[in-house]
1. Say R0 is 22 Å: what FRET efficiency, to the nearest 0.05, do residue 91 and residue 45 get from their beta-carbon distance?
2. With an 8 Å Cα cut-off and a minimum separation of 6 or more residues, compute the relative contact order for segment 20-93 in percent.
3. Given 0.36 nm per residue, what is the gain on full extension from residue 52 to residue 69 after removing their alpha carbon distance, in nm?
């Protein structure tokens with residue numbers, strides 16, 4: 001998680017705001033799915049700890065790469081039911097990453 005915090009701090013200072021490796025993995029998984037993934041599904045798919053996943057998703061949301069929807073009333077239950085999906089910026093990022101591989105086939 002320190003990598004995520006350091007990257008976010010650096011992004012704020014330099015103006016450079018590109019995803020790190022954990023962020024990229026989240027974007028790739030969301031780009032492969034046909035539906036939003038709940039927090040637990042995303043954590044399990046990537047083998048992430050809860051704090052690591054929530055920190056990365058928070059950064060991606062703040063940067064406009066993903067969006068979330070939450071259902072339920074209580075805060076803990078609401079966090080567990082949060083579903084994540086790509087925003088327009090995230091879809092463009094995924095498309096840009098997959099384009100060279102698609103051209104090679």
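1. Numbers: r = 18 Å, r/R0 = 0.84.
The computed FRET efficiency comes out at 0.75.
2. Numbers: 86 pairs, mean separation 26.5, N = 74.
The value is 36 percent.
3. Working: separation 17, 0.36 × 17 = 6.12 nm, distance 1.89 nm.
This chain segment gains 4.2 nm when fully extended.
Values quoted throughout were computed directly from the atomic coordinates according to the rules given, and no laboratory measurement underlies them. Source: prediction; values computed, not measured. Cβ coordinates were reconstructed from backbone atoms using ideal geometry, including for glycine residues, and neighbour counts include every protein chain displayed.
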